[in-house]
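Please treat every number below as a calculation from the coordinates, not as lab data. The structure displayed is predicted, hence computed values, not measured ones. All Cβ positions, even for glycine, are placed from backbone atoms using ideal geometry, and neighbour counts span all protein chains on display.
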Ligand SMILES: NC(=O)c1ccc[n+]([C@@H]2O[C@H](COP(=O)([O-])OP(=O)(O)OC[C@H]3O[C@@H](n4cnc5c(N)ncnc54)[C@H](O)[C@@H]3O)[C@@H](O)[C@H]2O)c1
Ligand SMILES: O=C(O)[C@H](O)CO
């Protein structure tokens, strides 16, 4: 385990290790973990926190619960900033108990994640990966009308489950780009896409809010999952719900792996060769459930929807919680990302700010 010594501000920071854990040690000089492991265990992080640490910027692969929050608090820590939108790896109640502020990075990843979901939808619909493998294997002997027949999107129905920031952006791309009809289901929100169309004075396709998730599964030709991962969405797509979908449907997941029961999915893919999936996330990341890698009707990529500089900027600013108020609208983060102007003296998004009674910025 190598943790660099405090780095004077006029020296370049040490190079990143494979993990991007940052620790704010006394005097507020960040120490970057140069550990060569990709995923740090709770014990690794305990050792890194040591007996003095003001705050940590960590990532979604780390298990931030009672053990780490009590250790961080004992070391004088006041903030944990998760370098991700989703914070299902964080036990916020444990953080509240130890008075540790928890940051996340909403908004900056909306378009990039929606674009990957759109890419996976197209790759699955037009069988891009299968065709690419065929080409590289030297199997192409000349044009044939039935070679890799895929699904046409125009005029078909796209379904979105979890119509928040990313789900709505994905819906916009599929509706406007491919003129698909839209059906969406969200546990809480009522009319996000309707408002968007109305505000633009147009109604080029039909859209409706489904009263149940099952309605989306039965009606849509392409379904993309964008909910948070919590108790209500664990194995949201299971054997029974897969069976409700059209035999030639396309299912895309760029949210979190456990939203789909991956064992049931492998069985469904095996039994329904015309059913296709595009997956950015997996139930036991970095692993795939047995059999998934052999499925020609699955396009799989290693959680790449998000990588962006903006996410690191927001995570770093969330880590500066000491003396900072909370930005009043975490969905509007542009002010933090303008490289030509200084970032506002506020934390972009602290998920437990109310529980900790942190002040809201007047900016
Ligand atoms: N693959 C990636 O790299 C990547 C990148 C960014 C975000 N994400 C994931 O995407 C998720 C969504 O991000 P966002 O910015 O759109 O968040 P968001 O909070 O704007 O949207 C999530 C939506 O899910 C809805 N929801 C919650 N429970 C539901 C349920 N049981 N059924 C249906 N809908 C439900 C919420 O009401 C909300 O509208 C994140 O929590 C994260 O896990 C993944
Ligand atoms: O939730 C997120 O932000 C992504 O999954 C990783 O950055």
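Of the peptides 154-163, 261-270, the ranking by mean beta-carbon count within 10 Å, highest at the top, reads 154-163, 261-270. On full extension, the segment bounded by residue 146 and residue 134 gains 2.9 nm, given 0.36 nm per residue less the C-alpha separation. Listed by Cβ neighbour count within 10 Å, with the fewest neighbours leading, 33, 53 appear as 53, 33.
Principal-axis analysis of the Cα atoms of the chain puts helix 309-318 at an angle of about 40° to the longest axis. The orientation-averaged projection of the convex hull spanning the C-alpha atoms of segment 110-300 amounts to 11.2 square nanometres.
Between the beta carbons of residue 214 and residue 271, assuming R0 = 25 Å, the FRET efficiency works out to 0.80 to the nearest 0.05. Peptide packing for 351-358, 108-115 was compared via the average number of neighbouring C-beta atoms within 10 Å per residue; ordered from the highest value, the list is 108-115, 351-358. For segment 269-318 and segment 80-101, what is the separation of their C-alpha centers, rounded to whole Å? A separation of 24 Å, based on Cα centres.
With respect to the chain, whose longest principal axis is taken over its alpha-carbon atoms, helix 110-125 is tilted by about 30°.
What the Cβ-Cβ distance of residue 38 and residue 67 gives, at R0 = 22 Å and to the nearest 0.05, is a FRET efficiency of 0.60. Residue order for 321, 32, fewest other beta carbons within 10 angstrom first, comes to 32, 321. Based on the Kirkwood approach, the hydrodynamic radius assigned to the chain is 22.1 Å, with every pair of different Cα atoms included.
Counted over the chain, the DSSP beta bridges are approximately 20% antiparallel.
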